[in-house]
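Have a look at the structure below before the remarks.
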Amino acid sequence: MKLLFLGDVVGRSGRDALVKHLPKLQAEHALDFVVVNGDNAAGGFGITPQLCKEFFDAGADVVTGGDHIWDQKEIVPYLSMEKRLLRPQNFPEKTPGAGHGVFTAKSGKKILVLHTLGQVFHKEHTNCPFATADKILESVKLAANVSAILVDFHAEATSEKMAMGQYLDGRVSVVVGSHTHVPTNDARILLKGTAYQTDAGMCGDYNSVIGFAPAGPMERFLTKITKAKMEPAAGVATLCGLLVETDDATGLAKSCKAMQFPKAL
């Protein structure tokens with residue numbers, strides 16, 4: 001299978017680039033399945049039902065969130081209806097929506113997508129993401145009842161992401177980090193066959209501060225006034241993500257590479 005994960009979509013610039021370029025990428029790479037992180041799609045904070053629909057129409061098979069999943073109030077009832085939108089699995093069980101699902105790729109093969117939130121430097125006080133992954137993987141086994149497993153680990157600390165990659169190596173097809181908006185130069189296949197990248201980067205304007213117009217973040221850094229308004233940067237966006245091909249027999253990775261389109265970094 002050929003899988004594409006696209007990092008956090010930030011604001012209108014990122015949305016427009018996704019809608020414009022994703023169909024081209026699907027055709028060029030003959031993609032079987034696409035996962036898009038939409039945690040900053042709506043003005044930089046969360047996502048709305050309408051934006052989810054636009055991403056699905058453009059070719060996304062699953063949209064994941066993150067720590068900003070609750071920022072847009074209309075998303076809460078939508079999470080209970082739309083199974084292709086995932087919030088982090090390690091929120092409490094009574095939280096609306098789901099953090100994982102088994103989906104059917106274009107080829108007819110089954111793929112598990114699992115979305116978890118990190119604990120280090122996060123204020124959400126979620127359940128342990130490692131134990132959460134273990135629980136899901138008790139009943140869904142790679143190359144047994146699914147052909148591929150992709151984990152979007154939305155976390156701040158690179159060490160926590162790397163630990164998750166090592167922890168799940170050989171049990172899943174892909175562990176890819178999101179949240180920090182900066183693509184890391186470490187896309188590789190781990191020793192037991194899992195494709196890994198610490199952070200896929202963002203889909204947004206890189207002439208910015210992690211996707212936001214510099215004025216707002218700079219005011220916060222220079223004055224310590226945390227209420228400075230944050231606006232997404234409005235320049236031309238680059239799509240960043242991880243492209244993985246899996247082995248049909250094992251579900252593990254045959255190849256992986258970081259992707260930037262259009263090449264602008």
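From E160, E138, which residue is open to solvent by less than 20 Å² (accessible area, probe 1.4 Å), farther than 23 Å from V34 by Cβ and among the acidic types (D, E)? Spell out the reasoning first.
Numbers: E138 fails: open to solvent by less than 20 Å² (accessible area, probe 1.4 Å).
One residue alone meets the criteria, E160.
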Query raised in the report: What are the residues in region 86-111 that are closer than 24 Å to H181 by Cα and outside any loop (DSSP other than H, G, I, E, B), if any?
Result: L86, H100
Report task. Given the conditions (1) in a strand (DSSP E or B); (2) more than 16 Å from the chain's Cα centre (by Cα), report the number of the one that V244 does not fulfil. Result -> (2)
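When you scan region 41-55, do you find a residue that is under 23 Å from A253 (Cα atoms) and in contact (Cβ under 8 Å) with a residue 12 or more places away in the chain, even just one?
At the first step, the residues of region 41-55 found to be under 23 Å from A253 (Cα atoms) are none.
No, region 41-55 has no match at all.
Considering only region 70-85, state which residues are part of a loop (DSSP other than H, G, I, E, B) and under 12 Å from A98 (Cα atoms).
The initial filter retains those residues of region 70-85 that are part of a loop (DSSP other than H, G, I, E, B), namely 70-74, 82-84.
E82, K83, R84, listed by residue number.
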Report task. Just give me the residues in region 56-81 being crowded, with 17+ Cβ neighbours inside 10 Å, more than 20 Å from L3 (Cα to Cα) and either of a type in the set (D, E, K, R) or without any contact (Cβ under 8 Å) to a residue 24 or more places away in the chain (or both), in sequence order. Result -> D67, D71, L79
**Report entry** Among residues of region 171-227, those that are more than 21 Å from H115 (Cα to Cα), β-branched (V, I, T) and part of a strand (DSSP E or B), counted
**Finding:** 1
Requested in this report: Could you look through region 165-186, keep only residues that are over 15 Å from the mean Cα position of the chain (by Cα) and not hydroxyl-bearing (S, T, Y), and pick out the one that is most open to solvent (accessible area, probe 1.4 Å)?
Outcome: N185
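The values are calculated or read from the model by the stated rules, or taken from the named source; none is laboratory data. Quick caveat, the model's predicted, so the values are computed rather than measured. Note that each Cβ is placed from the backbone with ideal geometry, even for glycine, and that neighbours are counted across all protein chains shown. Note: areas computed on protein heavy atoms with side chains; ligands, DNA, RNA excluded. Shrake-Rupley method; radii C 1.70, N 1.55, O 1.52, S 1.80 Å.
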